[in-house]
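The values are calculated or read from the model by the stated rules, or taken from the named source; none is laboratory data. Being a predicted model, the structure only gives us computed values, none of them experimental. These area figures cover heavy atoms from the full protein model, side chains too; ligands, DNA and RNA do not enter into them. Shrake-Rupley method; radii C 1.70, N 1.55, O 1.52, S 1.80 Å.
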Amino acid sequence: MNLKGLDYTCLTIAIIGAVNWGLIGIFRFDLVAFLFGDMSWLTRIVYTLVGLSGLYLISTYGRIGQQMDVQ
């Protein structure tokens with residue numbers, strides 16, 4: 001099963017979330033809230049997508065282990 005497109009999409013979303021958390025930690029600046037409003041419905045959707053992407057990416061650990069066993 002080829003999940004490469006979903007992997008890249010989720011990885012990109014997770015990276016955006018990580019950059020946002022870095023901005024919050026270093027500068028106390030929430031880029032998502034700045035762009036979409038403080039806890040607006042759009043902001044909540046972005047936060048939800050980041051969280052779901054992170055949870056999905058947990059599955060990459062299992063797939064990496066399977067690929068290493070095959071090679």
For the chain, what is the accessible area per residue in Å² when the probe is 1.4 Å?
80
Among ILE26, ILE16, ILE58, whose mean-square fluctuation peaks in a Gaussian network model of the chain (Cα, cutoff 10 Å)?
ILE26
Could you give me the percent of Cα pairs per 10 Å distance bin for the chain, shortest bin first, beginning at zero and ending with the bin that holds the maximum distance?
19, 41, 24, 12, 3
Over the chain, with every protein chain in place, what whole percent of the accessible area is carbon and sulfur at 1.4 Å, could you tell me?
70
Quote the relative contact order of the chain in percent (integer), defining contacts as alpha-carbon pairs under 8 Å separated by 6+ residues.
37
